[in-house]
Each structure stands twice: as C-alpha cells, then as structure tokens.
Amino acid sequence: MAPLLTGALLGAALGAFAFNASRRLLPLAALRRDGRVDRIGDRLAALLRFGFGQRRLLDREERWPGVLHALLFAAFLVLALRTVTLFGIGLDRDFQLPGLAPGSVAGRFYLLLEDVVVLGASAGAIGFLWRRLVTRPARLTRSWEGVLILCFILGLMVTELLFDGAEQLGARYARGDLPAFDALEPGGSLAAVLLHASGASPGAVHAIGAGAFWSHLLLVAVFLNFLPFGKHFHVVTALPNVFLRSLPPGSARLRKLDLESEQASYGAATVADLSWKEGLDVLSCTECGRCQTHCPAHVTGKPLSHKAVNGALKRQLVEAAPKLLRSMRAADAEQRRVALAELSPLAEVVPPDTFWSCTTCGWCETACPVLIENVPRLVDLRRHQVLVEAAGPDEVARVFKNLETQGNPWGIGSNRRADWCAELDVPRASETRDFEYLFFVGCAGAFDDRQKKVSRAIVEILRAAGVKFAILGEEETCTGDAARRLGNEYLFQLQAQANVETFGRYGVRKVLTQCPHCLNAIKNEYPDFGGHYEVVHHTELIAKLIEEGRLRPTAATERAEERVTFHDPCYLARHNGCVEPPRLALSATGLAVTEMERSGRTGFCCGAGGGRMWLEEQLGSRVNQNRVDEVAETLGPEGGTVAVGCPFCLTMLKDGIAETGREEQIRVLDVAELVADRVATGVSRGLGR
Amino acid sequence: MALKILVTAKRVEDPESKIRVKPDGSGIVTDGVNYKMNPFDEIAVEEALRLKEKHGGEVVVASIGGAGSMTEIRAALAMGVDRGILVRHDGPLDASVVSAVLGKLFESERPDLVILGKQSIDDDQNQAGQYLAERLGLPQATFASKAESLESEAEQKRAPGLALAADGKSLAIVREIDGGVETLEVSLPAVVTTDLRLNKPRFASLPGIMKAKKKEVREIPAASLGVDLAPRVVVKRLESPPARKGGVKVQDVEELWKKLHDEAKVL
Amino acid sequence: MNVLIVAEQSSGSVRKATLHALAAGREVARRTGGKVAFALLGKGVATVAGQLASYGADVHLADAPVLEHPTAEAYAPVLAKIAEAANATYVCAAATAFGKDLLPRVAARLGAGMATEVLGFGGDGASVTFRRPMWAGNVLAEVEITTPVKVFTVRATEFAPAAKEGRGEVRPAEVNVDPASLGTRYAGFKEVKSARPELTEARAVVAGGRGTKGDFALVEALADDLGAAVGASRAAVDAGWAPNDWQVGQTGKVVAPELYVAAGISGAIQHVAGMKGAKVIVAVNKDPDAPIFQIADYGVVGDLFKVIPELRAKLAASR
C-alpha cells in the first residue's frame, strides 16, 4: 500500500518502544541479583496456568471481569498476528502470513478465530468501560489511563473490523457480488453487510477501508508506545513475570540475610535495595486491586494498599533510573555507593504504618493474577527500620528483648518452659533416643494457659495412638518466626541456629508442631540454616493416624447436630497447602464442617500473623472481629464451634468473640481438643465455651 | 560542650527466670537461669548515649564481674557506647566493693559524669551510686527521672532527660520523690543514678552489634587496682519466700481482708 | 549499742514512715541494750524536734539554712557527725526516697556496710542480722554487716508505727557544712497534681477488665482509697472504657506493684505478661474458671460490683 510510510511508521513505533521500554527495564539490572532460571518445567507450567490460562483472573469472586480480561487477552494474542499481517500489507499489498494463506484450512480457521476474538475483545472493552464508568467497583483505581487504554482497544477492534469489512466488500463489488453474512468470518462479513447497508458508494467504502487501515496502524504505534509509561506495561511484563516467579514462594521462606558481610544492606532502605524481580513485579502491577479484596489490613481500614505501594515503588524506580544506571558502571562498591547516594528513603513513600500493618497472611499473593509478591518487600522495609535504625512500633522493643533473654515473646523464664507438662511425665529428647517425632511445643503451647490445654490434648492423642515422641523441654527456644517477620533477622537467626543445633544434637528427623508459624519456620526456613526435617502439623498427624487406623475417635452421633466451622490458619492452609487434614480429623469425630465463605487457601487472616500478634492494632477496625462476624454468620443464630489449628488464631478469635459479646454463642477449640475429647475413654471433657 | 561519661552495666539474673534457692541456702541455682544487663543500668547507658548525641563526647561502660559480664559490655557497646572496661572479679559485690573499683576507674578516666542504675535487680541494694559519690566527694543526684512522660514527643525523639547547663559545668536532674517532682542542679563532675521513668532504652541496631565486636574493651583484674575487695555486707543465708499459692480462693471479702492485712501485709 | 533514727519531716511535721523506722530501731536497741535517738535535719524544724522527743528518744537537731532541702551531699556529713556524737552503732531510716538517697552516703562516710529495705532482724541477742528481699522479692536473704557501724533502711509496712512513750531531749548538733563547698543545688519542687501515682511505679494497682462492663467508677474509687494507680486490660481499653495509657499487659505497661487487684479481668497471657511481677495479686471475677485465679494469691469468685464496695467499706472502717 505505502511501503515507505508503513516502514517509517513501523520503524518509529518500534524504535520509540524499544527506547521507552528499555528505560523502564534496564535499571532493573542494577538491582539485587536473584536467580530465576531453575525449575524450568515448573515455570512453564506456571506460565501456562497463570499466564495463558489466566487462572487467577477467572476466580470465583471475580468471574465477570476475569472473563472480560480473558477476552481481551485472547484478542491480544491472536491480533498480534493480525497486526503483523497488517503491517505486512502496508509494506506489500499481497503480504500473507506464511501458512495462513486465504482459502487454506489454517487460513480459514485463523480468520474465524480472529473474528471471534475481535468481537469478544470489543465486548470485553465495552464491558470494562461499563465497569469503569458506570458500576465502578471499589477495588478499581479510577484513572484516565484505564479509560484511554480501553478506548484504544476498542478503536483497534473497530478499525480492524472496518478494514476487514471494507476489504471484503471491495472484493465482492469487484466480483459483482453482494455481501452476505459468513459464519466462518463473522466479524468481517458482518462489517461488510453493515457497510453495504449503509449505502456507501464503492469509493467511500474504499476510503473507509484505507482510513481504518491507517488508523489501525497508527493506533498500534501509539498504543505500543503508551504502554511503558503506565500500568499497561503489564501487557509486556506480565508473562515474563509469571515465568520468573519465586519458587518456592518467597513469603513462606523469607530471604536469608547475610549478616556478616560488611557491605550488606539490611532490608530495604531505598529502591536500590529491591531485587530485580521485585522491580519487575512493581512494573507488572496493573492496579487491579484483587490483592486487597480480602487483605486483612486493607479491609479493616489500615493504611495498606498493595497496589498503592506498588505504584509508589514504581514512581521511585522511575525516578531512580538515572542513578541506578550510573551505579551499574561503578567500578567498585564505593563508587556504587556514591552513585546511589541521595536516593530518597523508601519509608517516605511507603510509610511505617503501611508496612507494619501487614499480617503476612499472603492473601494478596494468592490473588495476584501475575504472581506479584508483596510480603517479602514489606518485611524488607521492616528489616531496614529495625536492624539499621533500631526503630519500629513501641511494642517490638519488648518482644525482642524478651526473645533475646528468655527465648519467648512474653519473656517468661526459659526455665519454666516445661512447666506445662510437669505432671504428664513427657519424655525429653535429652533422656531418650527412642522417639519418632520431636514434639516442638512452641512458646504459646508452653506458656499460654489456654494453649497449654491444646498441648496436653496433643500428648493425650499421641499416647492414645502409640506414637513415640519427645519434647525438648527447657532446651526449646522460639523458632524466631515473629522476630523474622517483625524485621529482626538477627534475632531470628540466633534462634534458628540454636534450635537447629539442638535438633542436631538429638538426631531429630521428624518434627511435630501445633503452631503453623513454628511449622513454617522449621519446614521452610530452617533448611537455609542446615536444618532439614520432615515437619508435620498436629492436624496432619492426627488425620494420618486416623487414616492408618491408629487413632479411632468415637464419632458420637450427637455431634452431627453441632454446628462447627474451621478457621484456616494462613500459615497452614495458604502458605503450606494443608487444607484437608484438619477437616478430615473433624469429620472423623462425627462433626460436619460448615465452610466459611473465605476458607482453605483463600481463608481470611485472624490478624495475628507477621508478628502482629505482638503489636497493638490501633488503626482501623479489628481484623479478628471481622473474622468472627463471618464465623457467626456461618454458624447461624444457634452458634456453635469454630475449630482452629493455631494458638494465635485461637487467641484472636477468642478475643474477637468476647469483644463482640458472643461468648454464649460461639466457642473456640483446637482440632486437637475436639479429637482428644473422642479418643480413649470417649468421656466428654466438658469443653467450655 | 563535649561530655565524657562513665556508665555501668552489671550482669544480673533475669527475674523472669525461675529463681530457686540452693537447698543449703548458700546461693541461688544458676543452672537454666538467663542473664541480662541490669535494666536500670540499661537506662543509664541510654541516657549517656543521648547526652553524647546531643553534646558530643565519649561514653565508657564498666562492668565488674566474671568473664560472662563481657556480654553486657558488648550489649552496651552495641547500643552505641564507645569503649568498655571489664573489671574481672568473681567475688561478691557490695556497694563498698563496687564504689572502690569505680572510684579507681574514675581516677584513671576522669569522666565529667558517672551514671549508674539506681539499683541492680539482683541484690536490690540501691547504694552503689551514693557510696561512689561520697567516696569521690562529688555531688549526687539519685533516681533521675524525666518531667515528660515516656509517651511524649521528647521521648520519641530520644531527648535526654538530664539537662546540661549552657556553660557545660552543671547538670539539672528531675527526680521523683514522695508527693512530687524535685529538680536538683549538680556541678560536674557528679554521680547520677537512674530510675525507670527516665527513658526507654533503645535496642541495638545490627550495624551497632557488628561494630561492637571491634570496639575496645580493656580487661583489668580487680585485684590489680589495689582496693579493698572485701564486702562489708555478707549474705549469710538465702531462702525462698513463702511459696506463692496461686489459685487460692477466699470465701468472702472478710477473709480477703484478713489475708491482705495479716498475711500479705499490703494494706 | 545505740541506734540512731534518721527522721524525715515535711512542712513542719514528722513523716509517718519515721515512726515505723522507730519501731524497728527500738527492736534493735532492745536486743543490743542500747538507746534510741533521733537525728533531725532541716531549717526551722524545732517544732518537729519537739514532736519527735515525745516518742521518748533524744533528738539531735541540726537546724541551719544550708539544710533547708534534704540533699544527700549536705546532709551526710552532718549525720555522720551526729552518729559519732551519739555513739551510734546502728543508723536507721525508713526506705523512702529520702532514706534511700541519703543513708548509703552516710554509710560510706562512716565506713559502714548497709542493708536496704529491711523486713526484719535475725541473729542471736546482740548480734543482729538483717532480713531483706533480693531478686525483686523472689528470694529472702539474711545478711550480716561486718563493719563496726551498721546502717540500714526498713520497709515501713513491715513494722507497726511506734507509739509515744516517755520524753526525750532536744540537743543541738553541729552543722559542719560550708554551703560554698556544695556541688548540689536545690532548684525547685513541683507537686504532682494527679492524685494517682504513675502506673509503672505505683505500690498498688487496681485494674479493671471486661467484667466492669464499662463502668470504671468502682475501680477508680478503690484505687483512690488505696493510693493506687488504675490499670485496665486490653479488652477494656479496646472497648473505649479506659484510656490507652492504662493498659497493662504484653503490649501495654509492665507493672510490678506490691498489690495488684484485677477486677473483672479473665487473665489472658497477654495481660498476665504485664503484671505477673506483682507481689500480691488479688482477683475478683464471676467466672470461677477464669485463668486469673491460677496466678492470683487471693481470688474472690463474685461480682465485682458487690465485692469492691465491701472491700472499700472495710478499708474505710479501718482508717
């Protein structure tokens, strides 16, 4: 058609795009290294599932917008070929994509597919515009960018259809034919019929076709160059971002800091302390807001919005780009330091109240369609504040001191750690080598009067099933989970090393925990300290013992009447995928679990994760009350039991129930207590509310 | 107006640990007991650091005790103290021994100010600062507190509670006494002891902990100081107080009243 | 062996704590066959000396402008002189802020050893040992002071106030202090307006929880009767019934008073972490299974709205 013009347009578009995109992407190379090319098979699987499969977009709660997005996504994939074809036509009137010659089966199929996706994408764009302009759901950030992009997309579809229609009509006219609807080319033929029906002269039809053609190419060129400047850069980065995901997810296994290194930056002070992948995450954020739908901090009115954090970091990244690029040319660490000096502190754009609000529950990361990880970055902000500035919320100083002196967050004497089982004659690892499981009791299980009952129930169950176990007693110390997630990596490492050493001394291979936080730390984080164990949660072990027939709870019939629901601990279900065992254990005792709306891997946090157990909740409303409301709704007016599998959840729900005046209606019990109640004698233990 | 400050950091048993008396009453069972810096000394260290941050100068920490006391010296160094002196002495410490040793350190260091915790939470004697002041003939200000609350903005900003005069020659100290708050001015050098409400001690930063490993700590055998190391207060025997009968319920207010009055003697 | 009691006065009258110290001093004097005398320092405190004399002990009165304010630096040399003049083997005061500030300095000046917060005496006959708490009261120690002169402060509550008996003499004492040589200057006193002590420092704390159902009036009234600070559980603070700075617990204030009254507090570990250091814990709760009873020294199962008024009535009757 016009090879020179097309060539110039194509060259300019591609050149400008390459320039602008590289200005966004190149600075990432200056950020912290983080290897992401292992486990190619898993990565490809993720790409298929989450990238091309749009898995996270099509979830239950967000079905319609997910479908609309899938329509647009499909159009992008298919039309990428069409755009190439159109530019090809611009260069050479007779250009065809190899293998897709008109009339061939593949060609016919492609045309059909293309028309379908164009119509679908048009519907998708209109649907999205409707959402943005009319229904306006809360999770969306309203911006002119979104509307403009949708107009672009709609424009691309319309020009594509008009060009196609005009082409077909022109060909028909040339053959002296009249246009007719063709189910195999629904879009183009429909456009042709409509154009014909409009009574446009053949000359006008030709002009419309040419206009549509050039508009389309121009739109593509503008659209392409618009991408790097906004959130629609995800069109470029989303698929790579999914492929380069953290394996295993980084929130369940936080990055080990090298505390001995002189040059080390401890946590994130400036944007230069992010990893390149975290930079890519930030560039890939589309501000869709799925991350905050059930974010416990966000929904209870705390100043944490992951998409806002991403936006802030993105701006920082853009601002810091020249300095980052300069730092890459630095010959040594000192030059690098100079190049990066004067970067503004991250805490200015992501204020402490924001990063301290996170419970590290991981909802955001389960929801994000492009697998952006938020938790490790927020913890890195805490790390900097705690480790370097020795600052943080008032309460942390006491927790750290207590952990340091006595190895538990309450600061109760470590030589009282075994008081809970003083009358139970529980074997110590220091006294016997004849044990299969090391029962890691945990601080709450050892010191909290309420949780001590759970510890005792577990002992009862283990004995009933004939499991050989031992405890560490006074030699046990906190796993350090809270310290780590409160940013005190140093304290965490001290605790982790101490436990790994003790485990090693007694040849521990299997560890049983009653606290999902202990479980997560020992299972996922201790390997970084040379500790490799098979770690099970008590609900997992109970389920296993029941399956093996070693534990036979009497399933009393009256239990079926009792309403019970299970609150999934984030560090059990979401971070460690353990969803079925607690339910199995409950049903084996004759209880029928009624599920809450938010359950399993998409459960809702109790508010205590990420060390929040040890901080006051002064902003917004209470997370635990939000959850208790849901428990109450699920159990109905009669009330019932909410079963838990985590000492923190137990405390938070118990408090929430009391705070909302539902003590008479709802009781909280650990799964172990409900099971222990039904083993051995089967005598009711008079479990109170 | 730079200040040179000497502070103390005694290694003490954390009272949160179960403290048990040996069957023969000769001491406490130290097995399984955790140690930490005397919390009042920690406040002293914090105050010294704040004064240094405001006025410049040097903070030197001293501890008297066994090799284990190095942990407390390092803890103070990690908070930001410049250097440490560990006076090795394994015998019992009373105010007269402590003040004799600190007096020697005072002579060699010539600080402008000595800040000590008002008491150490093991023997709870509350004497060392006063003994030291008398021994050195210096003015003393015990139980230093702060006019502002620990929730105040001044505390947030880590402002010192001790106010150095413009000429740098005296210090104003707020102390809580019965019925109110008293202000004393002491000319320097002086001895100050700290109370709970003076400040909230910082926790050490990681760079602080790393740097502390390289800071200078001088070890001196107490015997080499040429002072009398014989205590004047000798513990003859220890015993456990009547065991706490948690879980005891009383029938009524009448009985509660009797118990509080005659048994617990708190009314 | 003579006992010198260092008297404490404020605005023209003897402080009650001094009478408790006198009781302790009499006990020592009885055992050692000595005499008890007072030392009184101040400016224009002759009437106080008169009051003291009515307890049957001689009063060594050092009355001078330089002694207007009780600074240890000015008082210690005068007291040391008096101790020598009175031929005192024991120097004793109540363990108040005044006594704890001053007596160690006096002891140092006299080359004496000292025992703080003495609860009682041991030993045989004239050889007196001192019983005192260590490790925050977790251990009771019996200590011996090896120096010829022995100095001690006593915990007032452990000794009933002494009664008047006989009549002593008031003797002027030498004031060997040159004001110009002092490095301590009194720069003012501000009476603390709040009648209630600081939570973390209070001798007694009365705390309310969910059981108050939002009505803290009784809790506050009992606190005022006891001269106690008011505390609250997190539940009560959360409910908006009590201000934030009343919160006792893991994330609030950590207190270690001699008496802690938990009214309508269930005793979750988060709360217990903040008050388990209290010497005597009294719990009032309707729920006999409330965990607070496991750590309470004295638990009353009952409605705080009934129990507290009764307790207040008892208190009122005893005064």
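The values are calculated or read from the model by the stated rules, or taken from the named source; none is laboratory data. Bear in mind that the values here come from a model prediction, so they are computed numbers and not experimental data. As a convention, Cβ positions derive from the backbone with ideal geometry for all residues, glycine included, and neighbour counts pool all protein chains shown.
C:Val272: within 17 Å of B:Leu260 (Cα to Cα) and crowded, with 23+ Cβ neighbours inside 10 Å, yes or no? So C:Val272 fails the test. Of the helices (runs of 4 or more DSSP H) entirely within the stretch B:70-165, those holding at least 2 residues that are of a type outside the set (A, V, I, L, M, F, W, C) and more than 27 Å from C:Arg155 (Cα to Cα) occupy B:70-79, B:95-109, B:153-156.
Matching residues to (1) assigned to a loop (DSSP other than H, G, I, E, B); (2) more than 7 Å from chain C (Cβ to nearest Cβ):
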{"position": "B:Lys214", "(1), (2)": "yes, yes"}
{"position": "B:Ile220", "(1), (2)": "no, yes"}
{"position": "B:Ser224", "(1), (2)": "no, yes"}
{"position": "B:Val227", "(1), (2)": "yes, yes"}
{"position": "B:Arg237", "(1), (2)": "no, no"}
{"position": "B:Trp257", "(1), (2)": "no, no"}
{"position": "B:Asp262", "(1), (2)": "no, yes"}
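Scan the stretch B:106-116 and tell me whether some residue there is in contact with a Ser or Thr (Cβ under 6 Å, 6 or more places away or on another chain) and under 22 Å from B:Leu184 (Cα atoms). Checked against the condition, which is being in contact with a Ser or Thr (Cβ under 6 Å, 6 or more places away or on another chain) and under 22 Å from B:Leu184 (Cα atoms), the stretch B:106-116 yields at least one hit.
Conditions tested, residue by residue: (1) touching a residue at least 24 places away in the same chain (Cβ under 8 Å); (2) surrounded by 13 or more Cβ atoms within 10 Å (Cβ to Cβ); (3) within 9 Å of another protein chain (Cβ to nearest Cβ).
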| position | (1), (2), (3) |
| --- | --- |
| C:Ala136 | yes, yes, yes |
| C:Ala141 | no, yes, yes |
| C:Pro148 | yes, no, no |
| C:Val154 | yes, yes, no |
| C:Ala160 | yes, no, no |
| C:Asn176 | yes, no, no |
| C:Pro179 | yes, no, no |
| C:Lys190 | no, no, yes |
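Out of (1) of a type in the set (S, T, N, Q); (2) touching a residue at least 40 places away in the same chain (Cβ under 8 Å); (3) within 14 Å of another protein chain (Cβ to nearest Cβ); (4) part of a helix (DSSP H, G or I), what's the single condition that is false for A:Ser621? Unmet for A:Ser621, out of (1) of a type in the set (S, T, N, Q); (2) touching a residue at least 40 places away in the same chain (Cβ under 8 Å); (3) within 14 Å of another protein chain (Cβ to nearest Cβ); (4) part of a helix (DSSP H, G or I): (4).
In the stretch C:119-134, the qualifying residues are those that are assigned to a strand (DSSP E or B) and small (Gly, Ala, Ser), and the one that is surrounded by the most Cβ atoms within 10 Å (Cβ to Cβ) is C:Gly120.
Where helices (runs of 4 or more DSSP H) fall wholly inside the stretch C:260-319, the ranges with 2 or more residues that are within 21 Å of A:Gly411 (Cβ to Cβ) and within 9 Å of chain B (Cβ to nearest Cβ) are C:292-295. Restricting attention to the stretch B:29-51 and to residues that are part of a helix (DSSP H, G or I) and among the acidic types (Asp, Glu), the residue that is surrounded by the most Cβ atoms within 10 Å (Cβ to Cβ) turns out to be B:Asp41. On inspection, B:Ser17 qualifies as assigned to a loop (DSSP other than H, G, I, E, B), among the small types (Gly, Ala, Ser) and surrounded by 23 or more Cβ atoms within 10 Å (Cβ to Cβ). Taking the criterion of being in a helix (DSSP H, G or I) and away from chain C (no Cβ under 14 Å), the residues of the stretch A:428-458 that qualify are A:Arg456, A:Ala457, A:Ile458.
Conditions tested, residue by residue: (1) under 22 Å from A:Lys231 (Cα atoms); (2) touching a Gly at 6+ places or on another chain (Cβ under 7 Å); (3) part of a helix (DSSP H, G or I).
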residue	(1), (2), (3)
A:His298	yes, no, yes
A:Gln316	yes, no, yes
A:Glu319	yes, no, yes
A:Arg326	no, no, yes
A:Glu342	no, no, no
A:Asp353	no, no, yes
A:Cys361	no, yes, no
A:Cys364	yes, no, yes
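Within the stretch B:239-255, the residues that satisfy the criterion of being more than 7 Å from every other protein chain (Cβ to nearest Cβ), out of contact with any Asp or Glu (no Cβ under 9 Å at 6 or more places or on another chain) and part of a loop (DSSP other than H, G, I, E, B) are B:Ala243, B:Gln251. Of all residues in the stretch B:205-227, those that are closer than 30 Å to A:Gly392 by Cβ have Cβ atoms under 8 Å from Cβ atoms of residues that are basic (Lys, Arg) and assigned to a helix (DSSP H, G or I), 6 or more apart or on another chain, in B:Ala212/B:Arg74; B:Lys213/B:Arg74; B:Val217/B:Arg74.
Suppose the filter is within 14 Å of chain B (Cβ to nearest Cβ), charged (D, E, K, R) and farther than 29 Å from A:Phe447 by Cβ; does C:Arg196 pass it?
Here the answer is yes, as C:Arg196 does meet what is asked.
Note on the stretch A:484-519: among residues that are in a helix (DSSP H, G or I) and closer than 26 Å to A:Val579 by Cα, the one that is farthest from the other protein chains (Cβ to nearest Cβ) is A:Leu519.
Here C:Ala202 does not qualify as loosely packed, with under 14 Cβ neighbours inside 10 Å and either at pLDDT below 90 or within 12 Å of another protein chain (Cβ to nearest Cβ) (or both).
Checked against (1) modelled with pLDDT of 95 or more; (2) crowded, with 19+ Cβ neighbours inside 10 Å, B:Ser145 meets all criteria but (1). Screening the stretch C:1-43 for residues that are touching a residue at least 24 places away in the same chain (Cβ under 8 Å), out of contact with any Lys or Arg (no Cβ under 7 Å at 6 or more places or on another chain) and assigned to a loop (DSSP other than H, G, I, E, B) and picking the one that is nearest to C:Asn87 (Cα to Cα) gives C:Met1. The residue that is farthest from the chain's Cα centre (by Cα), among those in the stretch A:364-389 that are β-branched (Val, Ile, Thr) and under 20 Å from B:Ile209 (Cα atoms), is A:Val388.
Yes/no matrix, rows are residues, columns are (1) closer than 22 Å to A:Ala125 by Cα; (2) touching a Ser or Thr at 6+ places or on another chain (Cβ under 8 Å); (3) surrounded by 17 or more Cβ atoms within 10 Å (Cβ to Cβ):
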site	(1), (2), (3)
A:Glu160	yes, no, yes
A:Phe163	yes, no, yes
A:Ala166	no, no, yes
A:Gly176	no, no, no
A:Gly188	yes, no, yes
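The strands (runs of 3 or more DSSP E) falling completely within the stretch C:135-212 that include 2 or more residues that are within 25 Å of C:Glu8 (Cα to Cα) map to C:150-154, C:170-172, C:184-191.
Just one residue in the set B:Leu196, B:Leu184 is at the interface with another protein chain (Cβ under 8 Å from one of its Cβ atoms) and surrounded by fewer than 21 Cβ atoms within 10 Å (Cβ to Cβ); that residue is B:Leu196. The residues of the stretch A:256-296 that are modelled with pLDDT under 95, under 24 Å from A:Pro65 (Cα atoms) and in contact with a Gly (Cβ under 8 Å, 6 or more places away or on another chain), listed by number, are A:Cys285, A:Glu287. Filtered by the rule that a residue be buried (at least 24 other Cβ atoms within 10 Å of the Cβ) and within 12 Å of chain B (Cβ to nearest Cβ), the stretch C:223-248 gives C:Ala228, C:Gln247.
Considering every residue within the stretch A:397-404, establish whether at least one is under 24 Å from A:Ala308 (Cα atoms), within 12 Å of chain B (Cβ to nearest Cβ) and either touching an Asp or Glu at 6+ places or on another chain (Cβ under 9 Å) or not basic (Lys, Arg) (or both). No: zero hits.
In the stretch A:570-586, which residue that is buried (at least 24 other Cβ atoms within 10 Å of the Cβ) and in contact with a strand residue (DSSP E or B) (Cβ under 7 Å, 6 or more places away or on another chain) is modelled with the lowest pLDDT? Ranking the candidates gives A:Leu586 first.
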